[in-house]
Amino acid sequence: MTHTALAHVDARFQLAFEGFQLAVDLQLPGSGVTALFGHSGSGKTTLLRCIAGLQRPDSGFLQVRGQVWQDSTKGVFLPPHQRPLGYVFQEASLFPHLTARKNIDYGRKRTAQAATAVELEAIVAMLGIEHLLDKIPAQLSGGERQRVGIARALALKPQVLLMDEPLAALDLKRKQEILPFLERLQRELDIPILYVTHSPQEVTQLADHLVVLETGKVVASGALAEVLTRLDSPMSQGKEASSVLQVKVWDHEPAFHLSHVGFAGGVISLPYQQATAVGTPLRLRIDARDVSLTLQQPVQTSILNVLPATISGMAKPVSGQVVVRLNLGGVPLLAHITQKSAVQLGLKVGMTVFAQIKATAIV
Amino acid sequence: MLSPSDWSAIWLTVKLAGLTTLILLVIGTPLAWHLARTRRWWKAPLSAVVALPIVLPPTVIGFYLLITLGPKGPIGQLTDSLGWGTLPFSFTGLLVASVFYSLPFVVQPIQNAFETLDMRLMEAASTLRATPLDAFFSVAIPMARPGFLTASILGFAHTVGEFGVVLMIGGNIPDKTRVVSVQIYDHVEAMEYAQAHWLAGGMVVFSFIVLLLMYTLNRGIRMPKI
């Protein structure tokens with residue numbers, strides 16, 4: 001991903017239905033993947049529909065990369081078909097009466113600045129759908145349809161890509177089939193992607209920026225590593241609480257079937273990443289319950305990854321449980337420990353401890 | 001076999017049914033879309049008005065059309081002042097009456113098709129830069145194709161089968177308003193049973209083929225739901 005200087009996406013919406021209110025005021029980065037995360041009823045899809053113009057809020061302001069799309073104080077409202085965006089729906093919503101190719105061309109031939117034939121070829125190749133172009137949607141699997149749906153949105157060369165739980169309707173196998181394509185999108189596209197999801201796993205895998213929504217309100221918004229580990233964010237308290245580390249492959253130790261990766265907080269050993277060259281950036285997810293704490297550097301332990309850290313915060317979301325936020329050379333890491341351990345070790349904010357990491361996952 | 005006046009009646013019937021169907025497709029499509037989409041209070045009363053010809057005796061429709069289109073009726077006075085004369089007992093009058101009479105048979109199948117249309121597809125079209133009208137023609141209408149086929153066939157066939165309305169508003173004028181159903185009536189009145197058989201039998205065969213066509217074609221092009 002190239003980092004050109006881009007304006008932000010500014011979105012302010014007020015909307016009230018019966019029993020539901022959306023009130024958001026967000027500034028989102030002009031590139032990378034922003035995950036809009038929340039449970040059902042949090043308003044994340046409504047927010048996305050407002051950005052697309054599919055839903056008209058009671059009042060709102062929307063500016064994308066310097067262009068005002070909507071300003072209720074001035075009576076400005078671009079209808080969806082005039083907004084230079086791409087939208088990927090939860091159920092691919094392909095036109096059943098058209099082949100995959102004609103689905104992709106539907107939007108392409110309706111906009112002047114759409115992808116050229118060469119660009120389209122690259123999009124089709126990136127999504128691996130060359131062999132599907134002459135099939136109709138009924139002949140495609142759910143995952144294939146979703147890939148065609150993504151190609152259809154990208155063929156517009158949109159200025160922002162909106163994705164509404166593109167994986168939610170797929171089974172685990174199909175999800176695994178699509179995720180690599182989404183990761184490529186994240187790396188190769190120079191436009192902001194707003195990605196609605198209720199899956200923490202997709203968030204840690206894809207997002208650069210995270211917005212957490214609850215009952216129509218933004219409860220946290222910021223860089224992924226930061227928001228994931230904020231103690232007041234619901235994501236740091238649940239069973240699936242985790243931290244994300246951006247690391248680089250340091251070296252390999254094939255004799256022990258290990259690879260070592262480094263980041264500001266130290267070096268971590270991973271199962272051997274034979275196919276990954278030294279210097280390759282990787283993203284690691286570390287579940288908070290896989291991190292334990294000791295006061296002294298353990299000398300005889302089977303755990304390889306022991307890193308020095310300072311405690312930067314603690315919270316007790318449920319009785320018996322303590323969430324500890326650690327600082328490893330400026331990088332935040334969460335640990336879930338029992339309240340008894342916290343008391344026995346006398347943990348306090350500012351203390352220096354050692355974080356033992358039992359397991360990591362490359363995402 | 002068929003006499004020249006029989007052929008004339010057949011041609012007139014085909015012309016009447018064809019034109020009626022065409023007009024109904026043009027005015028019935030927006031009406032069906034509106035009925036399928038609106039949530040306003042007038043949906044039920046409007047639906048009821050559209051469906052009236054299904055339950056009313058054709059003579060009732062014919063009677064009121066005769067009064068409104070006639071020299072003393074509001075529309076009759078309007079057409080007269082425009083120099084068009086009055087419509088009853090003319091082919092145009094018959095056409096107007098047929099449009100009313102067959103309206104529900106065209107509107108309802110199209111409305112059903114529009115009601116089952118997944119509105120997310122229309123939203124998808126709008127995010128793909130299609131204006132609402134563009135999306136209507138490029139997505140809603142192609143998706144509703146089976147409904148349009150049924151509507152055309154039913155509208156045509158129902159117009160071919162009308163009798164009471166024709167007698168009330170069209171009368172029995174050769175080459176102008178004497179359609180097949182009236183011609184059969186005339187043959188029977190004149191005890192020309194053989195002549196009546198040719199036309200009546202023809203109608204049975206025609207109707208059967210039309211319905212057969214409709215059921216076979218509609219099964220073939222049913223849209224898979226995604």
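Here, each number is a calculation from the coordinates, and none is a lab measurement. Computed from a prediction, not measured in an experiment: that's the story for all the values here. Reconstructed Cβ throughout: ideal geometry from the backbone, glycine too, with neighbour counts over all protein chains shown.
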With each pseudo-label sitting 7 Å past Cα toward Cβ, what's the A:Lys135-A:Asp71 distance in nm, one decimal? 4.7
Filtering trypsin sites (Lys or Arg not before Pro) in region A:128-219 by DSSP loop and by at most 10 other Cβ atoms within 10 Å leaves none
In degrees, nearest 10, range 0 to 90: what is the angle between the Cα axis of helix B:180-189 and the longest Cα principal axis of chain B? 30
Just how far, in whole angstrom, is region B:32-110 from region A:209-229 if you go by their alpha carbon centroids? 60
Antiparallel %, DSSP beta bridges [both residues in the protein assembly as shown], to 5: 80
For chain A, with the dipole built from +1 on Lys and Arg beta-carbon atoms and -1 on Asp and Glu ones, taken about the Cα centre, which of A:Asn327, A:Ala361, A:Met235 lies farthest toward the positive end? A:Met235
Would you mind calculating the relative contact order of chain A from Cα pairs under 8 angstrom and at least 6 residues apart, reporting the percent as a whole number? 16
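If R₀ is 30 angstrom, what is the calculated FRET efficiency for the pair B:Phe163 and B:Ser3, using the beta carbon separation as r and rounding to 0.05?
E between B:Phe163 and B:Ser3, to the nearest 0.05, is 0.90.
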Grab the other residues whose beta carbon is less than 13 angstrom from that of B:Ala140, score K and R as +1, D and E as -1, and report the net. -1
Each residue of region A:218-225 in turn: what ³J(HN,Hα) in whole Hz from Karplus with 6.51, -1.76, 1.60 and θ = phi - 60°, glycine and Pro shown as x? 7, 9, 7, 8, x, 4, 3, 4
Tilt of helix A:142-154 relative to the longest C-alpha principal axis of chain A, in degrees (0 to 90, nearest 10)? 70
Residue span A:Tyr272 to A:Ile303: 0.36 nm per residue of separation minus Cα-Cα distance leaves a gain in nm of 9.5 nm
With label points set 7 Å from each Cα along the Cα-to-Cβ direction at B:Ala190 and A:Lys340, the distance between them in nm comes to 10.9
What is the fewest-to-most order of A:Leu47, B:Leu65 by other Cβ atoms lying within 10 Å of their Cβ? B:Leu65, A:Leu47
According to a simple spin-label model (label point 7 Å from Cα along Cα-to-Cβ), what is the distance in nm between A:Gln246 and B:Tyr64? 7.3
Along region A:21-37, Karplus-curve 3J(HN,Hα) (6.51, -1.76, 1.60; θ = phi - 60°) to the nearest Hz, with x for Gly and Pro, reads 10, 10, 9, 10, 9, 10, 10, 10, x, x, 8, x, 9, 9, 8, 9, 10
Take the Cα atoms of region A:232-312, find their three principal axes, and give me the spread along each one in whole Å, biggest first. 40, 29, 21
Starting from the amide H of B:Gly70, placed 1.01 Å from N in the peptide plane, find each other amide H under 5 Å away whose residue is 5 or more places distant or on another chain. B:Gly76
Using modelled backbone amide H atoms (1.01 Å from N, in-plane), which distant-in-sequence or interchain residues come within less than 5 Å of A:Ser59's amide H? A:Gln14
Long pairs among A:Lys175/A:Lys239; A:Lys44/A:Lys173; A:Lys175/A:Lys358; A:Lys102/A:Lys175; A:Lys109/A:Lys157; A:Lys74/A:Lys157, criterion Cα-Cα beyond 18 Å: A:Lys175/A:Lys239; A:Lys44/A:Lys173; A:Lys175/A:Lys358; A:Lys102/A:Lys175; A:Lys74/A:Lys157
Can you grab the distance from the C-alpha centre of region A:236-312 to the C-alpha centre of region A:173-203, Å, no decimals? 24
For chain B, what does the alpha-carbon gyration tensor say about shape, rounded, prolate or oblate, given a ≥ b ≥ c as the root eigenvalues, a/c under 1.5 as rounded, and a/b over b/c as prolate? oblate
What list of ³J(HN,Hα) couplings, whole Hz, do you get for region B:212-217 from phi and the Karplus terms 6.51, -1.76, 1.60, once you set θ to phi - 60° and write x for glycine and proline? 4, 4, 4, 5, 5, 4
With a cap of 13 neighbouring Cβ atoms within 10 Å, and only residues DSSP puts in a loop, list the trypsin sites (Lys or Arg not before Pro) found in region B:1-81. B:Arg39, B:Arg40, B:Lys72
Quantify how strongly other chains surround peptide B:126-139 by giving the mean number of their Cβ atoms within 10 Å of each of its Cβ atoms. 6
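Given Cβ point charges of +1 (Lys, Arg) and -1 (Asp, Glu) and nothing else, what value in debye, to the nearest 20, does the dipole of chain A about its Cα centre take?
On the way: 34 positive and 29 negative charges, 55 e Å.
Using only the charged Cβ atoms, the result is roughly 260 debye.
For the protein assembly as shown, state the average projected area of the convex hull of the C-alpha atoms over all orientations, rounded to one decimal in nm². Each step should come with its number before you reach the end.
Working: hull surface 150.1 nm².
Averaged projected area of the protein assembly as shown's Cα convex hull equals 37.5 nm².
Would you mind calculating the gained length between A:Lys239 and A:Lys102 on full extension (0.36 nm times residue separation, minus the Cα-Cα distance), in nm to one decimal?
Net length gain for the segment: 44.9 nm.
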Backbone N under 11 Å from the B:Lys15 label point (7 Å along Cα→Cβ), restricted to region B:170-190: B:175-178
PRE reach from A:Lys173 (point 7 Å along Cα→Cβ): which of region A:136-154 fall under 16 Å by backbone N? A:140-145
